[in-house]
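Here's the structure we're looking at; comments come further down.
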Amino acid sequence: MEIQAGELLSEINFPSDLRKLRKDQLHQVSQELRQFIVDSVSVYGGHFGASLGVVEMTVAIHYVFNTPYDQLIWDVGHQAYGHKILTGRRKRFLTNRKFKGVAGFPSRSESEYDTFGVGHSSTSISAGVGMAVASKYKGEKDRQHIVVIGDGAMTAGLAFEGMNHAGVSDSNLLIILNDNCMSIDPNVGALKEYLTDITTSQTYNKTRDEIWNLFGKLGGKAAQHQLSKLEASIKSAISKSSNIFEALN
């Protein structure tokens, strides 16, 4: 049984096709990609929820960054179905997790877009640091490195070892925390409570972004840099506990 892709998704074979679309078309792409994953997994099986939760994020990353030159690393890989569909494997996705078919996790032997072969959690940050440091030594200053890690995977020591190294490596690394309170089961523990505690309101984030954009228009990056320092000072003065991620740079 062949799963039919939507109008826009059917024309996307690689991220280069995605980047030809207008921004206002990305919402439709996301809807079609989510439906394609639902239809495919319903018929052929596989990991269901994780990839559905990062559809918009996946579309945005491949739209903004120049993958595969810019390196995208997924932690574990349960959430990489949308990534695979957008990177040349849509027509073969019905073979997902089958013998000689599309691998259930990112696989370097399968695609140049799969920068790191995974299957075990909490390895992504360390891998991203390694790639970023290598690019720095090669003089590839324009090359971006994007890590997507869930809050469940963040509970492992290896993730913090990676952040410990990243904080002093002076390398080009973006870590995206997919804080959805879910791993195999709902998350529990002190770190889960901590992440909930440091999450600020939508009103705060909206106001912060508006002020950031205003300072950028009025004074450029220099003004935004001073704004960041002011924000850090205010937060440290009124917050009962510091933000461990900011503390680790």
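The values are calculated or read from the model by the stated rules, or taken from the named source; none is laboratory data. The structure presented is a predicted model; accordingly, all values stated were derived computationally and were not measured. Heads up, the Cβs are rebuilt from the backbone with ideal geometry, glycines too, and the neighbour counts pull from every protein chain shown. Calculation scope for accessible area: heavy atoms of the full protein, side chains included, ligands and nucleic acids excluded. Shrake-Rupley method; radii C 1.70, N 1.55, O 1.52, S 1.80 Å.
Note on the stretch 11-29: residues that are assigned to a helix (DSSP H, G or I) and either within 19 Å of Tyr113 (Cα to Cα) or open to solvent by 60 Å² or more (accessible area, probe 1.4 Å) (or both) amount to 9. Scanning the stretch 133-180 for residues that are open to solvent by 20 Å² or more (accessible area, probe 1.4 Å) and among the acidic types (Asp, Glu), we see that the one that is modelled with the lowest pLDDT is Asp179. Of all residues in the stretch 92-132, those satisfying the criterion of being open to solvent by less than 20 Å² (accessible area, probe 1.4 Å), of a type in the set (S, T, N, Q) and over 12 Å from Leu72 (Cβ atoms) are Asn96, Ser122. Determine, yes or no, whether Leu33 is among the hydrophobic types (A, V, I, L, M, F, W, C) and modelled with pLDDT of 95 or more. For Leu33, the condition - among the hydrophobic types (A, V, I, L, M, F, W, C) and modelled with pLDDT of 95 or more - is met. Only residues that are more than 15 Å from Ile176 (Cα to Cα) and among the small types (Gly, Ala, Ser) were counted across the stretch 138-166, and they come to 3.
Of all positions in the stretch 78-89, at least one carries a residue that is free of Cβ contacts under 8 Å to residues at least 60 places away in the same chain and open to solvent by 30 Å² or more (accessible area, probe 1.4 Å).
Apart from one condition, Leu227 fits all of (1) modelled with pLDDT under 85; (2) open to solvent by 40 Å² or more (accessible area, probe 1.4 Å); the exception is (2). Looking at the stretch 167-181, which of its residues are free of Cβ contacts under 8 Å to residues at least 40 places away in the same chain and part of a loop (DSSP other than H, G, I, E, B)? Selection gives Asp170, Asp179, Cys181. Applying a threshold of 6 Å to beta carbon distances and a minimum spacing of six or more residues, or different chains, the list of pairs starting in the stretch 145-164 at a residue that is touching a residue at least 40 places away in the same chain (Cβ under 8 Å) and ending at one that is open to solvent by less than 10 Å² (accessible area, probe 1.4 Å) and acidic (Asp, Glu) reads Ile149/Asp75; Ala153/Asp75. Among the candidates Thr199, Thr203, the residue that is open to solvent by 70 Å² or more (accessible area, probe 1.4 Å), under 23 Å from Val55 (Cα atoms), β-branched (Val, Ile, Thr) and at pLDDT below 80 is uniquely Thr199. For a quick check of your reading of the model, give me the residue pairs whose first member lies in the stretch 38-59 and is within 16 Å of Leu86 (Cβ to Cβ) and at pLDDT 90 or above, whose second is part of a helix (DSSP H, G or I) and among the hydrophobic types (A, V, I, L, M, F, W, C), with beta-carbon atoms closer than 6 Å and at least 6 apart or on different chains. Hits for this filter: Ser40/Phe93; Val55/Leu33; Val59/Leu26; Val59/Val29. Within the stretch 102-123, is even one residue farther than 20 Å from Phe65 by Cα, hydrophobic (A, V, I, L, M, F, W, C), free of Cβ contacts under 8 Å to residues at least 24 places away in the same chain and part of a loop (DSSP other than H, G, I, E, B)? Looking for residues that are farther than 20 Å from Phe65 by Cα, hydrophobic (A, V, I, L, M, F, W, C), free of Cβ contacts under 8 Å to residues at least 24 places away in the same chain and part of a loop (DSSP other than H, G, I, E, B), one finds at least one in the stretch 102-123, hence yes.
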